[in-house]
1. Which percent of the accessible heavy-atom area of the chain goes to carbon and sulfur, probe 1.4 angstrom?
2. Report the FRET efficiency, 1/(1 + (r/R0)^6), for PHE62 and MET41, where r is their Cβ-Cβ distance and R0 is 30 Å, rounded to 0.05.
3. Which value, in Å², gives the accessible area per residue of the stretch 9-73 when a 1.4 Å probe is used on the protein heavy atoms?
4. More than 15 Å apart: what percent of Cα pairs in the chain qualify?
5. Using only Cα atoms, find the angle between the long axis of helix 16-37 and the longest principal axis of the chain, and express it within 0 to 90 degrees, rounded to the nearest 10.
Amino acid sequence: MVQAAKLIGAGSALIALAGVGAGIGIVFGALIQAASRNPTMAKALMGYALLGFALCESVALFALLVTFLILFG
């Protein structure tokens, strides 16, 4: 029974990864739109896009950390 609860909790914690995938797509989609509207700012916008990517990816790492803590903690 405890093992089943752990698996359900770990699966629930991994739902955040779907949001991370959508967030990364939104960040780079916005980068493409902004760069096509103003090509002179493309280099500066890339830094902001990488920052957004890093923040989205950190949420994914935290979700994996919580999942592993539930399963093996």
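1. Of the solvent-accessible surface of the chain, carbon and sulfur hold 79 percent.
2. 0.45
3. About 67 Å² of surface per residue is accessible.
4. Distances greater than 15 Å cover 61 percent of the Cα pairs.
5. 0
The values are calculated or read from the model by the stated rules, or taken from the named source; none is laboratory data. What you see is a predicted model, and the numbers here were worked out from it, not measured in a lab. Cβ: placed from backbone, ideal geometry, glycine included. Neighbour counts: every protein chain shown. What goes into the accessible areas is simple: the full protein's heavy atoms, side chains included, and nothing from ligands, DNA or RNA. Shrake-Rupley method; radii C 1.70, N 1.55, O 1.52, S 1.80 Å.
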